[in-house]
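Pasting a structure below so you can have a look.
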Amino acid sequence: MKFTIAVIPGDGIGPEVTNQAKKALNAVADTYNHVFLYKEAQMGACAIDETGNPLPEETLNICKKSDAILFGAIGDPKYDNNPTATVRPEQGLLRLRKELGLYCNVRPVKAYDQLIANSPLKEEIIKGTDIAIFRELTGGIYFGIKELSDDKQVAFDGCSYSVEEISRITHLAFQAAQNRRKKVTLVDKANVLETSRLWRKTVTEIAKKYKDVSLEFLFVDNAAMQMILNPKQFDVILTENLFGDIISDEASVIGGSIGLLASSSIGDKSALFEPIHGSFPQAKGKDVANPLASILSAAMLLEHLGLHEEAEAIERAVEKSLVLGITTEDIKNKSNFSASTSKVGDFIADYISNQEDSN
Ligand code: IPM
Ligand code: MN
């Protein structure tokens, strides 16, 4: 089959990890007889440098016309060190999410057996962890009214949620739970926030339609603690934008490295796939960054396109690289061997091609 994939490498390590994901996709295309037509586009600090705009219209148009979007990373120290800059790389990603209506962000967190020792958490706590975090992505405080008083002494960020915004992601979270261990945990701050109370009310109502799925509630402060005390209690976590941002970075510790966490951001018409890690500017161009999160994002992209077998081929190749210890330095094995970004990407692509040969 033929698909158009918008590729936005972005900033920092984005281009190098995205290249490895493309190698994996190319191996899939060759092996399974598909055509992936890549349309490269710019977003983030590199787009500001060239066009003054973190999300050029051309990028938006390319994304709108594609079957799926593969995105690398965004951000640059020159903006991180200057929080008052009014044009910022992150605005590109936030606007893209909003314009394309990518309201449902799914971040799977798994403890791979081969990497248990890489996590600072104890084996007995994390072994067997398998969580899907459903983070609402186009509402809440990220997109509320922002104000700074004229004398710059008072700042304001508004947070709002509508029943409709809550409902659409809630249905997706419950449907996912039906195919998993049938439990949804709503993470909120309903003891303090009005928006959280609306989340509880709406989710409780919707839960009645999914009788095979159990629903639990956790305040976000407690959830942050439970995530490292007993992560195995979680199946699907459903939460709003800001809480999901924070909880998912915390959860990445379970996997042994943030360099492993992939994500999908789904809307009614578009879908974007990206690693949850940032642009890691210290590693830019050094061929040391972990490409697995980007490669696993490509697997999620294939799954979204209905190419299940192909997605599994990528996942098997990733597992194999972990078993053999062909990994970057953030998750290096006991023998202290570490491979470069591109070597890991080559291994994954070769393994995908050869797996099929041996079938
Ligand atoms: C993420 C990132 C973004 C977010 C930033 C880059 C705007 O941290 O995707 O988790 O906060 O959503
Ligand atoms: Mn984040």
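No lab work stands behind these numbers, since they all come straight from the coordinates. Just so it is clear, the model here is predicted, and its values are computed rather than measured. No Cβ is skipped: glycine too gets one built from the backbone with ideal geometry, and neighbour counts run over all protein chains shown.
Decide, for the stretch 261-323, between rounded, prolate and oblate: order the square roots of the alpha carbon gyration tensor eigenvalues as a ≥ b ≥ c, take rounded if a/c falls under 1.5, and otherwise choose prolate if a/b is larger than b/c, else oblate.
Values: a/c = 3.24, a/b = 1.28, b/c = 2.53.
In terms of gyration-tensor shape, oblate.
Right, here's the next one. Among 284/343; 78/98; 110/208; 65/98, which pairs are too far apart, with a Cα-Cα distance over 19 Å?
Table pairs above 19 Å Cα-Cα are 78/98; 110/208.
Is the stretch 51-127 rounded, prolate or oblate when judged by the Cα gyration tensor, a ≥ b ≥ c being the square roots of its eigenvalues, rounded requiring a/c under 1.5 and prolate requiring a/b larger than b/c?
Taking the square roots of the gyration eigenvalues as a ≥ b ≥ c, the stretch 51-127 is oblate.
Let me ask something additional. Amide H neighbours of residue 7 under 5 Å, counting only residues 5+ apart in sequence or on other chains, H built in-plane at 1.01 Å?
Under 5 Å from the amide H of residue 7: 39, 40, 41, 70.
Next up: Output ³J(HN,Hα) for the stretch 19-32: one whole-Hz value per residue in order, computed from phi by the Karplus curve 6.51 cos²θ - 1.76 cosθ + 1.60 with θ = phi - 60°, and x for Gly and Pro.
The phi angles translate into 4, 5, 5, 5, 4, 5, 5, 5, 5, 5, 4, 5, 6, 10 Hz.
Further question on the same structure: Karplus couplings for the stretch 4-13 from phi (6.51 cos²θ - 1.76 cosθ + 1.60, θ = phi - 60°), rounded to Hz, Gly and Pro as x?
Couplings: 9, 10, 6, 10, 10, x, x, 10, x, 7 Hz.
Moving to a separate point now. If we count every other residue with Cβ under 15 angstrom of residue 254's Cβ, Lys/Arg +1 and Asp/Glu -1, where does the sum land?
The answer is -3.
OK, next. Please work out the Cα convex hull volume for the chain and give it in Å³ per residue. Spell out each step's value before the answer.
Working: hull volume 52.2 nm³, N = 359.
So the per-residue Cα hull volume is 145 Å³.
Rounded to whole Å, give me the distance from the Cα center of the stretch 81-95 to that of the stretch 1-41.
Cα centroid to Cα centroid, the span is 26 Å.
If you find the alpha carbon centre of the stretch 216-236 and of the stretch 288-359, how far apart are they in angstrom?
29 Å
Per q in 0.21 Å⁻¹, report the Debye log10 I(q)/I(0) for the stretch 104-261, using one uniform scatterer on each alpha carbon and no solvent.
So the normalised log intensities work out to -1.30.
Quote the relative contact order of the stretch 110-160 in percent (integer), defining contacts as alpha-carbon pairs under 8 Å separated by 6+ residues.
Working: 48 pairs, mean separation 14.1, N = 51.
Relative contact order of the stretch 110-160: 28 percent.
Per DSSP H run of n ≥ 4, the term is -39500 (n - 2.57); total these for the chain, divide by its residue number, and report the mean residue ellipticity at 222 nm rounded to 500 deg cm²/dmol.
-13000 deg cm²/dmol
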